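Take a look at the structure below.
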Amino acid sequence: MPEIAELDPDDDPGLREFFDVEQAAFRADHPHAVLRTFPQLLQMVRRPSSYSRRTLLVARDAGRIVGTADLALTVEDNLHLAHVQVGVHPDARRRGVGLALHDELVRRARSAGRTTLLGEVNQPVEGDPSPAFRFATALGYAVVQEEDHHVLSLPVEGARFEASPGVPEGYEIVTWRDRAPDDLVEAYAAMHTQMGRDAPSGEVDHQPVEITVDRVREGEQRTAEAYDQVVAVARRRSDGVFGGYTLVYLARDADYVIQDDTLVMPEHRGHGLGMALKVAMLRILAAEHPERRLVHTWNAVENTFMQRINRELGFTPVERELEMQRRDADA
């Protein structure tokens, strides 16, 4: 049986080995995976967020790490939840490594009073269920939300830009990098809160969180350690009210872009702001980051509005991300 232990955040060789095994475990089953970078891993365990804490576990066989696990617990909200992740190196599968790691995750989650376990697995667009899906369902997890993982090759052909309707009358696009201007950050935080309320979440046992200015500022500071960030906002000219936003993350020393939130506020919908924001961002990427070759984004299956926009821009689905949940009656 493998030896299960908590990984010391100050163990430099251990963290590097953890990272390498995690990368091998996830890329073996889905080549389009977008995984955390090594600087991001260091940040998570050595300089944790004010709003969550994280524990890394490893499974060792003959002193070598063959499996990894991650337990993330919020400290202010949704205190019934535990986010879990397990990865096993392809060379060490079907030996009980994943189960042993998961058992320890469950034990620690119960000790922290958590009653619902959440994790993510990926499924191919076509073909047999992934090993991760089979592992999760065998442990009693059920699918509670589905998102399509889309990719778009860069640069985007000019014809797609020319066919877009442009910025709706009465609005302008405002952009910034890395840090929201002080006079705009409160309105920007309010849009993040709305995003949490509006984003489809299926049957996930999670309550939306208010995003304060302090949360935005901490998120910006932490993001800047590993990624560049670009934000585009639609602002109504008559009164300066924000109508929506989109943002992307650019991992350093990489050729891809992570397209994260895109939101149009409820009272501003129906004017084409969603498409205008996405096109504005693609123009920024073409002008300022011509080295980038691929955009990754994720959309809920039921979000027909954003699904349609992505298809019109040329995004292609490559896999489906499944949110898996288990309510732990014994916790």
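Of note:
- Net length gained if the chain between Asp228 and Ala142 were fully extended (0.36 nm per residue, minus Cα distance): 27.5 nm
- With respect to the chain, whose longest principal axis is taken over its alpha-carbon atoms, helix 213-223 is tilted by about 70°.
- Annotation: the residues Phe18, Phe133, sorted from fewest to most other C-beta atoms within 10 Å of their own C-beta, follow the order Phe133, Phe18.
- Trypsin sites (Lys or Arg not before Pro) restricted to DSSP loop in region 68-102 with at most 10 other C-beta within 10 Å: Arg94
- Amide H partners (placed H, <5 Å) of Thr37, local residues excluded: none
- Anisotropy class of the chain from Cα gyration tensor, a/c 1.5 cut: prolate
- Shape call, region 151-320: gyration tensor on alpha carbons, a/c limit 1.5: rounded
- With Cα atoms, 0 to 90° folded angle of helix 304-313 axis to the chain main axis: 70
- Cα centroid of region 44-66 to Cα centroid of region 184-213, whole Å: 28
- FRET efficiency estimate (nearest 0.05) - Cβ-Cβ, His80 to Tyr51, R0 22 angstrom: 0.90
- Label-point separation, Glu172 to Ala5 (7 Å along Cα→Cβ), nm: 6.0
- Size of electric dipole in region 239-299: Cβ of Lys, Arg +1 and of Asp, Glu -1, about Cα centre, debye, nearest 20: 180
- The simple Förster model, with R0 at 22 Å and r as the Cβ-Cβ distance, assigns Arg93 and Arg36 a FRET efficiency of 0.50.
- Helix-only CD estimate at 222 nm, as mean residue ellipticity for the chain, using -39500 (n - 2.57) per DSSP H run (n ≥ 4): -10000 deg cm²/dmol
- Alpha carbon centroid spacing (whole Å) that separates region 1-40 from region 254-317: 30
Values quoted throughout were computed directly from the atomic coordinates according to the rules given, and no laboratory measurement underlies them. All figures in this text were calculated on a predicted structure; none of them were measured in a lab. Glycine gets a Cβ as well: all are built from the backbone with ideal geometry, and neighbour counts include every protein chain shown.
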